[in-house]
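Enquirer: What follows is a single structure, and I will ask about it in a moment.
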Amino acid sequence: MRYDRSKLTLLRCSNCGSDLSGLSTDVIFYCSECGRCWISGERLSPVSIEFLRIGGSDSIFLPFWKVDASVNILNRVSRKRSSSLVTGVSREFTGRERGLTESDSGSRQVRFIFPAFSTNLVLSTGVRMHRENFLPEKVEDGKRFMVIGGSVGMDDAALLTRAVAVGVEVNRTDYLASVDLEIEVHSAGIYAIGCTPGKNVFRINGSEIGILFAAVNDSDEILKKNHDFSG
C-alpha cells in the first residue's frame, strides 16, 4: 500500500517544533512545551486556548469548546402547563384557546461551553454549563500541562452549538411548544477546564457538574495518559 504523503499531517508544533501527542481520535492538540494549541484539518491550524478552574495537583485538564455566537430566535411558542379541552369540530381553535403563546423574536449574544471530547452527554452538559461563570485564569510561566481527548472538530462544534442553544430554550422555566432559531458563530476557541477524577466521575473544579467516566468514550486512555505525563 502506498500513502499520499501530501495528505498526511505532521503532528509537530508549528511554533516550537515539539512533537504533539494525543489519542488516536484526537483532532485538537496542545503543545505542553510552548503552550500553543492546534486543530487538525487539511493542515494544523492554530486555535486559542485558555485555562480555567485549575485546581490542585490531581486535576486533569479536559478540552471544551468555547463558542461565541448570535442566537437569532425566528419563532418561539410556549404553552400553558395545562389547558382545558375545547370540544367541537365546526371551527379551528386559536393558539390562545390551546394555551399557546408566541414570544417576540429577537437576537442575543451568547457564549456556549460544551465538551470537545467524545461523550454521550455533550448536549446536557452544555446546557448545564450555560449559566456557570467561567473566567480564564493566568497560567504560571514555565508550568507544563497535559490537555488531551479533543476529538470534536470545528465543524461539529458549530453544529453542536445550535443543538445546545435549542437545549437551553427547552430548559427555560416556561413550557416550550416549538422554537425556530438560527446560529451565527463569531468566534470559537478551547477552554482547558480543570476536572478532579473521583470514584467514577470527572468533577469540574468549583462546580457541581460531573461527567461520568462511563459517558466519556476515551476516559480510560485520558486517565492513563495523564498519569504517565504527571508521573
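Enquirer: Answer yes or no: is there a residue in region 162-170 that is of a type in the set (Val, Ile, Thr), assigned to a strand (DSSP E or B), over 14 Å from the mean Cα position of the chain (by Cα) and at pLDDT below 95. Lay out the reasoning, then the answer.
Expert: At the first step, the residues of region 162-170 found to be of a type in the set (Val, Ile, Thr) are 164, 166, 168, 170.
Those still in the list that are assigned to a strand (DSSP E or B) too: none.
Looking through region 162-170, none of the residues is of a type in the set (Val, Ile, Thr), assigned to a strand (DSSP E or B), over 14 Å from the mean Cα position of the chain (by Cα) and at pLDDT below 95.
Enquirer: Out of the residues in region 16-33 that are more than 21 Å from the chain's Cα centre (by Cα) and among the hydrophobic types (A, V, I, L, M, F, W, C), which is surrounded by the most Cβ atoms within 10 Å (Cβ to Cβ)?
Expert: LEU20
Enquirer: Does SER207 satisfy the criteria of being among the small types (Gly, Ala, Ser), farther than 29 Å from SER45 by Cα, part of a loop (DSSP other than H, G, I, E, B) and within 18 Å of the chain's Cα centre (by Cα)?
Expert: Numbers: among the small types (Gly, Ala, Ser): yes; farther than 29 Å from SER45 by Cα: yes; part of a loop (DSSP other than H, G, I, E, B): yes; within 18 Å of the chain's Cα centre (by Cα): yes.
So SER207 passes the test.
Enquirer: Can you give me the number of residues within region 46-59 that are part of a strand (DSSP E or B) and either modelled with pLDDT under 95 or under 16 Å from PHE112 (Cβ atoms) (or both)?
Expert: The number of residues fulfilling the criteria is 2.
Enquirer: Right, here's the next one. Considering only residues that are β-branched (Val, Ile, Thr) and in contact (Cβ under 8 Å) with a residue 60 or more places away in the chain, look in region 167-192 and name the one that is nearest to VAL147 (Cα to Cα).
Expert: Filtering region 167-192 down to residues β-branched (Val, Ile, Thr) leaves 168, 170, 173, 179, 183, 185, 190.
Next, only the ones that are in contact (Cβ under 8 Å) with a residue 60 or more places away in the chain stay: 179, 183, 185, 190.
Working: VAL179: 36, ILE183: 28, VAL185: 24, ILE190: 10 Å.
Ranking the qualifying residues of region 167-192, first place goes to ILE190.
Enquirer: So how many residues does region 210-231 have that are of a type outside the set (S, T, N, Q), in a helix (DSSP H, G or I) and without any contact (Cβ under 8 Å) to a residue 60 or more places away in the chain? Walk me through it before giving the result.
Expert: So in region 210-231, the residues of a type outside the set (S, T, N, Q) come out as 210-216, 218, 220-225, 227-229, 231.
Okay, now just the ones that are also in a helix (DSSP H, G or I), so 213-215, 220-225, 227-229.
Okay, now just the ones that are also without any contact (Cβ under 8 Å) to a residue 60 or more places away in the chain, so 213-214, 220, 224, 227-228.
Final tally of qualifying residues: 6.
Enquirer: Which of the residues belonging to region 154-187 are surrounded by 13 or more Cβ atoms within 10 Å (Cβ to Cβ) and β-branched (Val, Ile, Thr)?
Expert: The answer is THR161, VAL164, VAL166, VAL168, VAL179, ILE183, VAL185.
The values are calculated or read from the model by the stated rules, or taken from the named source; none is laboratory data. As the structure is a prediction and not an experimental result, all values here were calculated from the model. All Cβ positions, even for glycine, are placed from backbone atoms using ideal geometry, and neighbour counts span all protein chains on display.
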